[in-house]
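Input: a single structure, listed below in structure tokens.
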Amino acid sequence: TILLIFSVVSIHGLIFTKQTGLSESSGPIGAVVLLWVAIIWLSMIEGGQASHVGLAPVDQELYKDSHPVSYKIGVHCNKGDNLDRYLLGRQFGVIFVVFCINLSGAPIGGAELWNMPGWVIQIFFSTGFAMILFTCMVGQLNTQVNASVCMLDFINNYFSLFTYWACIFVEFTGFVHFSYAIQLMVGSMAGKPIQSKEEPKQVFDMIFFWLRVLFSLGLLAFSLTVTLAALFDNKTTMWDSVPKVVSVILFFGLMSVVGMLEGMQIAFFGVAKLTEEERGDNSWALRTCDILYNKRDGLNLPGFMIGRQLCVVTCFFVVARVTTQNVGLEDKNVLGLPDGIQNVLNLGFQGALITTILGSISWQLVAGAFPVAFLSNPVTYILLRICLFLEGTGICNGAWVLAAIHKSIAGFQKDELYIGTAEERRARGMQDDSKREIDMGALSGFNGINLPGFHNAPKSLRDLAVADPSVREYINSVANDMDKNKKQGGASAATNGFEDVDGEEVDT
């Protein structure tokens with residue numbers, strides 16, 4: 001918490017002394033406004049992911065009345081492949097927002113503040129450690145902590161609704177559509193082809209989709225080419241002491257680690273609402289789930305998010321060194337590109353695109369399609385242990401403080417208070433996609449109930465009748481009594497209608 005306070009104060013000190021990129025060119029007021037707008041939006045994007053992925057297996061009808069905005073989002077997000085679309089747009093949105101944060105608050109070269117010692121400036125300013133702590137704890141971790149266990153309450157607002165649709169729009173642009181192609185290839189090689197939840201695309205939709213894939217592939221190929229060319233021409237910010245071959249190995253190796261960590265969070269949230277039976281019997285998956293959901297009263301899941309964020313940021317720091325180009329006005333442009341394009345490359349957009357597709361979204365899409373399989377390997381278990389160790393060091397414990405304050409002010413409650421656990425929903429007969437292999441009468445509306453029109457009864461009553469045999473027997477007894485009374489009434493009417501006292505027929 002002390003480190004967080006120091007980082008926040010220092011960043012604002014740099015802004016108001018015009019020692020950040022935006023404050024130097026446009027003034028401190030605009031920089032502060034953009035910084036906090038971006039950090040608040042980032043917090044919603046990060047927390048929203050945990051909620052949308054975690055609630056995917058749950059029937060949104062269960063929280064239609066208690067959380068109307070969450071229900072609106074769930075209706076669209078859980079339809080077809082919209083969750084994958086959201087994840088893709090969300091990741092690119094995160095990078096854009098983080099770029100705005102860095103533009104507003106990252107110190108310029110040679111920045112000094114309040115006569116601080118050189119070693120403090122080197123650690124917190126030159127390496128960007130202050131910005132890392134600020135961005136992680138304020139813009140990412142505190143909302144992830146709350147959203148991982150209070151999914152329904154967290155997204156039950158119109159800011160979340162706006163953010164969701166913004167991510168859907170970003171996906172529509174097609175900049176990172178090549179991620180879909182990678183997902184299809186991985187599924188095919190694994191012998192488990194990706195099954196779309198939507199009807200087969202029509203000709204126009206198919207052409208439009210693959211045109212965006214080709215467009216994204218072209219951008220990715222160009223970004224990789226200029227990045228590697230700049231690296232071997234010593235025109236990146238990578239440390240001079242690191243050999244070029246080692247830099248390339250670090251680049252792809254660390255992107256793989258980032259990809260695993262990105263996929264793990266999707267897989268962890270994806271199985272959070274599944275029953276123990278559905279989590280499979282793989283030993284590594286069982287060990288991982290036991291640590292996540294059974295230890296520390298469930299706090300290891302949000303704890304993983306904190307440690308994971310530290311791992312990701314550390315990896316990004318090195319990856320950014322490899323991908324960020326450093327070409328001055330008097331230097332020859334990479335591959336002889338025009339000055340306009342080189343100026344864009346100097347901003348690092350190509351690194352953001354590469355990392356988004358190869359080090360993030362593709363892994364998330366694969367993990368979303370095979371969450372249990374993603375848990376069933378030792379690498380996932382080892383990375384989980386590393387993340388929990390980093391969280392245990394307390395470097396980012398300020399996130400817990402912010403999360404507790406936010407939770408208290410917003411009045412967040414755990415999801416189980418509203419919809420119960422997966423096992424409780426199963427026992428009560430509530431419809432839930434996490435019971436895919438269970439043939440419950442509640443799914444079709446009624447089961448073994450003879451009461452006329454019972455299929456139109458409130459869902460809660462139908463669920464209760466299926467789950468509780470005594471309720472079902474009582475309703476059936478009422479139905480039988482009604483049937484007996486109806487028959488007795490008909491017989492009485494028939495007797496009265498055909499009674500012939502004087503031997504004459506009586507009209508009925």
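The values are calculated or read from the model by the stated rules, or taken from the named source; none is laboratory data. The structure displayed is predicted, hence computed values, not measured ones. Positions of Cβ are backbone-derived with ideal geometry, glycine not excepted, and every protein chain shown enters the neighbour counts. The accessibility values were calculated without ligands, DNA or RNA, using every heavy atom of the protein model including side chains. Shrake-Rupley method; radii C 1.70, N 1.55, O 1.52, S 1.80 Å.
Overview of values
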| quantity | calculated |
| --- | --- |
| Condition check for PHE209: more than 15 Å from MET44 (Cβ to Cβ), in contact with a Lys or Arg (Cβ under 7 Å, 6 or more places away or on another chain) and among the aromatic types (Phe, Trp, Tyr) | yes |
| Odd one out for ASP65 among (1) among the acidic types (Asp, Glu); (2) within 25 Å of GLN195 (Cβ to Cβ); (3) surrounded by fewer than 15 Cβ atoms within 10 Å (Cβ to Cβ) | (2) |
| Test: residue in the range 5-15 that is within 30 Å of THR127 (Cα to Cα) and in contact with a Cys (Cβ under 6 Å, 6 or more places away or on another chain) | no |
| Which listed residue, of GLY336, GLY307, GLY351, is at pLDDT 75 or above and open to solvent by 20 Å² or more (accessible area, probe 1.4 Å) | GLY336 |
| Test: residue in the range 68-89 that is modelled with pLDDT under 85, hydrophobic (A, V, I, L, M, F, W, C), within 17 Å of TRP165 (Cβ to Cβ) and part of a helix (DSSP H, G or I) | yes |
| Residues of the range 154-184 classified as in contact with a Ser or Thr (Cβ under 8 Å, 6 or more places away or on another chain) and not small (Gly, Ala, Ser), total | 9 |
| Verdict on VAL258 being in a helix (DSSP H, G or I) and surrounded by fewer than 13 Cβ atoms within 10 Å (Cβ to Cβ) | no |
| The range 106-125, residues that are open to solvent by 60 Å² or more (accessible area, probe 1.4 Å), without any contact (Cβ under 8 Å) to a residue 24 or more places away in the chain and hydrophobic (A, V, I, L, M, F, W, C) | TRP119, ILE123 |
| Near pairs, Cβ below 8 angstrom, 6+ apart or cross-chain, from the range 291-314 (closer than 16 Å to SER360 by Cβ) to any residue that is polar (S, T, N, Q) | MET305/GLN144; MET305/SER148; MET305/GLN265; ARG308/GLN265; GLN309/GLN140; GLN309/GLN144; VAL313/THR135 |
| Tally, over the range 1-37, of residues that are closer than 24 Å to CYS396 by Cα, among the small types (Gly, Ala, Ser) and open to solvent by 70 Å² or more (accessible area, probe 1.4 Å) | 0 |
| ALA50 being open to solvent by less than 40 Å² (accessible area, probe 1.4 Å) and assigned to a loop (DSSP other than H, G, I, E, B) | no |
| Among residues of the range 31-68, those that are of a type in the set (Phe, Trp, Tyr) and touching a residue at least 60 places away in the same chain (Cβ under 8 Å), counted | 2 |
| Residue match in the range 398-421 (condition: farther than 30 Å from THR323 by Cβ, open to solvent by less than 70 Å² (accessible area, probe 1.4 Å) and touching a strand residue (DSSP E or B) at 6+ places or on another chain (Cβ under 7 Å)) | yes |
| Test: LEU299 is surrounded by fewer than 23 Cβ atoms within 10 Å (Cβ to Cβ) and at pLDDT below 80 | yes |
| Hey, SER25 outside any loop (DSSP other than H, G, I, E, B), hydroxyl-bearing (Ser, Thr, Tyr), farther than 30 Å from ASN78 by Cα and at pLDDT 85 or above or not | no |
| Cβ pairs under 7 Å, 6+ apart, first in the range 126-150 and outside any helix (DSSP H, G or I), second among the aliphatic types (A, V, I, L, M) | GLY128/ALA106; SER148/ALA50; SER148/LEU301; SER148/MET305 |
